[in-house]
1. Under a GNM of the chain (C-alpha, springs under 10 Å), which listed residue has the highest mean-square fluctuation: Arg52, Arg144, Arg198?
2. Relative to the Cα centre, what is the charge dipole magnitude of region 174-254, using +1 at the beta carbon of each Lys and Arg, -1 at the beta carbon of each Asp and Glu, and rounding to the nearest 20 debye?
3. Using the number of other C-beta atoms within 10 angstrom as an exposure proxy, rank Cys177, Cys160 with the fewest first.
4. Roughly what would the spin-label model give for Arg129 and Lys218, points 7 Å off Cα along C-beta, in nm?
5. Going by average Cβ density within 10 Å per residue, which order do the peptides 80-86, 244-250, 13-19 take, highest to lowest?
6. Exposure proxy check: Ile273, Ile201 ranked by fewest other beta carbons within 10 Å?
7. Along Cα→Cβ, 7 Å out, is where each label goes; now give me the distance between the ones at Leu12 and Glu62 in nm to one decimal.
8. Cα-based Rg (one decimal) and Dmax (whole number) for region 66-135, in Å?
Amino acid sequence: MATDFLDLKKTLPTLGVGLGLRRDLAEETFASSGRLDWLEFVPENYMGIGGRARDLIERAGERFPLVSHGINLSVGSTDELNSQYLKDLKHLLDATGAPWWSDHLCFSSVDGIYMHDLLPLPFSREAVRHIAERVKRVQDFVGRPFLLENISFYMHAPGCELTEAQFLSEVAEAADCGLLLDVNNVYVNSINHGYDARAFIDAIPLERAVQIHVAGHKLIGDVIIDTHGAPVIQPVYKLLQYVLARTEVKAVMLERDQNFPGFQEILQEVEAIRAVAAKAQPSLCKRGRQAPPARRSRGDASNGRCPEPPAALCLERR
């Protein structure tokens, strides 16, 4: 994709405030279409799979605009990019009509073995060059705008030359991609590693942010763990407000992956996010949604067959 990303961002739809599609919450999610604008799905749970999983993603697409957030790209790994994974991913994104897709600024595989975790990279310029080249390749192959998410991490990899903010900035600029800014991860890292969260926000190319994640975490001793299994706390809402006052984004969502409360409590958190967004970007809070983009019919979703499964399938997680 040769188009400058900042120009491309202007053409992306404004989706509003959404929620992650989770199988345990699917029926309640579908029944709440009047209070949710869009859904984010983990593609590894649906790539090359038929049966109930395929039925679930198709039902979701009939009710909501969908966006993909992957966990197995492993863009920072020295392994070769997984061509079958990318083919299956592209096929799924074409079928769902996702306007953009995202994954994490991390590595999750070594020598072809998937760690099923999001592991931090050395903040070095060698890593910047390596990742930027790979991001350009996957973005061109998939043919849709790509966003990198800042991860939470609990130790610095050896060989760091840059700060986390400098590393994220240089990768995004060199790759000319977008950002999925996780404000909870910024908060978690700021406490664990002792920096100012707002200064981090001010130091990154915020104009590249297309989507924002909001989530909860857990304090264990003197360390905060990013769990997506607890209510969002007030400082994270304030950080969201700080971001939205400084740049236009297309979508904000609540991540809840475990320790689920009653669904009404989840919807209340979505409404709290909407209230924050309303002060800075009223366009994010319009209740009226456009119909989801046209998709292939159920009979044509895989051209009469399911593609081969990807190299690794993951449970739903951050």
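1. Result for the chain, Cα springs under 10 Å: Arg52 fluctuates most.
2. Working: 6 positive and 8 negative charges, 39 e Å.
Its charge dipole is roughly 180 debye.
3. Numbers: Cys177 27, Cys160 16.
So the residues, fewest neighbours to most, are Cys160, Cys177.
4. With each label placed 7 Å out from Cα toward Cβ, I get 4.2 nm.
5. Working: 80-86: 14.9, 244-250: 18.3, 13-19: 21.7.
Those peptides, ordered most packed to least, come out 13-19, 244-250, 80-86.
6. Values: Ile273 24, Ile201 20.
Ascending Cβ contact count within 10 Å gives the list Ile201, Ile273.
7. Result: 2.9 nm between the two label points.
8. Values for region 66-135 (Cα only, Rg and Dmax): 12.6, 37 Å.
Read the figures in this text as sums done on the coordinates, not as results from a lab. Owing to the predicted nature of the structure, the values given are computational and were not obtained by experimental measurement. As a convention, Cβ positions derive from the backbone with ideal geometry for all residues, glycine included, and neighbour counts pool all protein chains shown.
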